[in-house]
Amino acid sequence: MPLIETEVKTGETRQVGSLELTPTTNVLKIQLPGNHGGLVWNRPRAVIVRGQDGVEHTLPVTDVTRMILWAMLGGGLIGALVIGIAYGIRRDKSTRSDNNDG
Amino acid sequence: MTDEMNVKQSGETGLEAFQGTIEEFLLSADVGVVYGEPIQHEDTIIIPTAEVLSALGFGLGSGSGTSGEQEADKPSQGSGFGGGGGGKVLSRPVAVVVASPEGVRVEPVIDITKIALAALTAFGFMAGMMARMSSHKRAFPEIEE
């Protein structure tokens with residue numbers, strides 16, 4: 001088994017009324033060298049819905065909580081950057097005006 | 001010699017036990033772990049989904065030694081085997097698949113507590129940073145020449 005492995009797994013198809021549902025998952029496997037442990041991260045990817053007419057639709061399973069958390073992290077980083085730049089500009093301005101006064 | 005054999009045997013038994021644990025651990029990569037059993041309510045079927053994160057680590061060691069200091073004819077022998085490990089399984093609901101006569105839809109599960117905690121942490125960090133910046137400015141007043 002490789003050290004880091006990602007794969008898309010497909011589960012058993014379930015019949016719901018006239019529809020067939022096939023779940024799929026994203027799996028990330030990390031194995032420590034020497035078979036001394038590892039990590040498995042298994043998360044839902046999508047549900048493939050097959051109708052009576054045989055047409056398949058893929059319904060992605062979106063992790064809204066994670067998306068919000070990433071957005072907050074990104075917003076926080078951008079906010080920190082903007083505050084830092086604004087603070088730097090303000091400090092430069094005040095230093096220049098002080099020098100001019102002096 | 002017997003001690004060494006015992007250590008070898010206990011080491012192999014320990015390894016087998018850990019091998020079994022590893023195999024069970026790898027089962028957490030199965031699709032059935034993420035998608036729960038369908039729950040039927042009248043015409044609607046609900047399938048809960050969750051993300052599963054499992055981590056495991058262990059270590060084993062053995063050793064043996066002899067000491068001829070006490071009795072030169074019959075040196076004392078010793079051997080030992082030890083091992084330890086730990087693991088954690090985390091599971092978090094992600095969404096619910098709702099299949100009804102109208103169709104199939106995926107309803108997300110939003111963890112408000114987690115989002116609120118993250119927001120509070122981020123807000124605290126930013127407030128702390130701003131306070132530190134303003135106090136830094138006050139802490140070093142410019143020296144008038």
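When you check B:Ile46 against the structure, is it modelled with pLDDT of 70 or more and surrounded by 13 or more Cβ atoms within 10 Å (Cβ to Cβ), yes or no?
Against the criterion (modelled with pLDDT of 70 or more and surrounded by 13 or more Cβ atoms within 10 Å (Cβ to Cβ)), B:Ile46 qualifies.
Hey, can you tell me all the residues within region B:94-111 that are within 9 Å of chain A (Cβ to nearest Cβ) and either within 23 Å of the chain's Cα centre (by Cα) or of a type in the set (Val, Ile, Thr) (or both)?
Result: B:Val94, B:Ala95, B:Val97, B:Val104, B:Val106, B:Val109, B:Ile110, B:Asp111.
Is there a residue being surrounded by 15 or more Cβ atoms within 10 Å (Cβ to Cβ), closer than 15 Å to B:Gly103 by Cα and within 9 Å of chain B (Cβ to nearest Cβ) anywhere in region A:24-45?
Within region A:24-45, none of the residues are surrounded by 15 or more Cβ atoms within 10 Å (Cβ to Cβ), closer than 15 Å to B:Gly103 by Cα and within 9 Å of chain B (Cβ to nearest Cβ).
Could you give me the residue pairs with C-beta distances under 6 Å whose first residue belongs to region B:81-94 and is closer than 29 Å to B:Ser64 by Cβ, whose second residue is surrounded by fewer than 13 Cβ atoms within 10 Å (Cβ to Cβ) wherever it lies, and which are 6+ apart or on separate chains?
Filtered contacts from region B:81-94: B:Gly82/B:Gly61.
From the list B:Glu23, B:Glu37, pick out the single residue that is modelled with pLDDT under 80 and either among the polar types (S, T, N, Q) or closer than 30 Å to A:Thr24 by Cβ (or both).
Going through B:Glu23, B:Glu37 in turn, the sole match is B:Glu23.
Would it be correct to say that A:Thr65 is touching a strand residue (DSSP E or B) at 6+ places or on another chain (Cβ under 8 Å), closer than 26 Å to B:Ile112 by Cβ, facing another protein chain (nearest Cβ under 9 Å) and not in a strand (DSSP E or B)?
So A:Thr65 passes the test.
Consider B:Gly124 against the criteria (1) more than 7 Å from chain A (Cβ to nearest Cβ); (2) within 26 Å of the chain's Cα centre (by Cα); (3) open to solvent by less than 60 Å² (accessible area, probe 1.4 Å); (4) at pLDDT below 90: it satisfies all of them except one. Which criterion is unmet?
Failed condition: (2).
Name, by its number, the condition in (1) modelled with pLDDT under 80; (2) closer than 30 Å to A:Lys29 by Cβ that does not hold for B:Gln9.
Condition not satisfied by B:Gln9: (2).
Would it be correct to say that A:Asn35 is at pLDDT below 90, over 20 Å from B:Arg92 (Cβ atoms) and assigned by TED's automatic domain parsing to the domain that holds A:Glu20? Walk me through how you get there before you give the answer.
Working: at pLDDT below 90: yes; over 20 Å from B:Arg92 (Cβ atoms): yes; assigned by TED's automatic domain parsing to the domain that holds A:Glu20: yes.
When the stated conditions are applied, A:Asn35 passes them.
Quick one: count up the residues across region B:22-51 that are out of contact with any Phe, Trp or Tyr (no Cβ under 8 Å at 6 or more places or on another chain), touching a residue at least 40 places away in the same chain (Cβ under 8 Å) and among the β-branched types (Val, Ile, Thr).
Looking only at that region, the number is 3.
The values are calculated or read from the model by the stated rules, or taken from the named source; none is laboratory data. None of these values were measured; they are calculated from a predicted model. Positions of Cβ are backbone-derived with ideal geometry, glycine not excepted, and every protein chain shown enters the neighbour counts. Just so you know, the surface numbers come from the protein's heavy atoms only, side chains and all, with ligands and any DNA or RNA stripped out. Shrake-Rupley method; radii C 1.70, N 1.55, O 1.52, S 1.80 Å.
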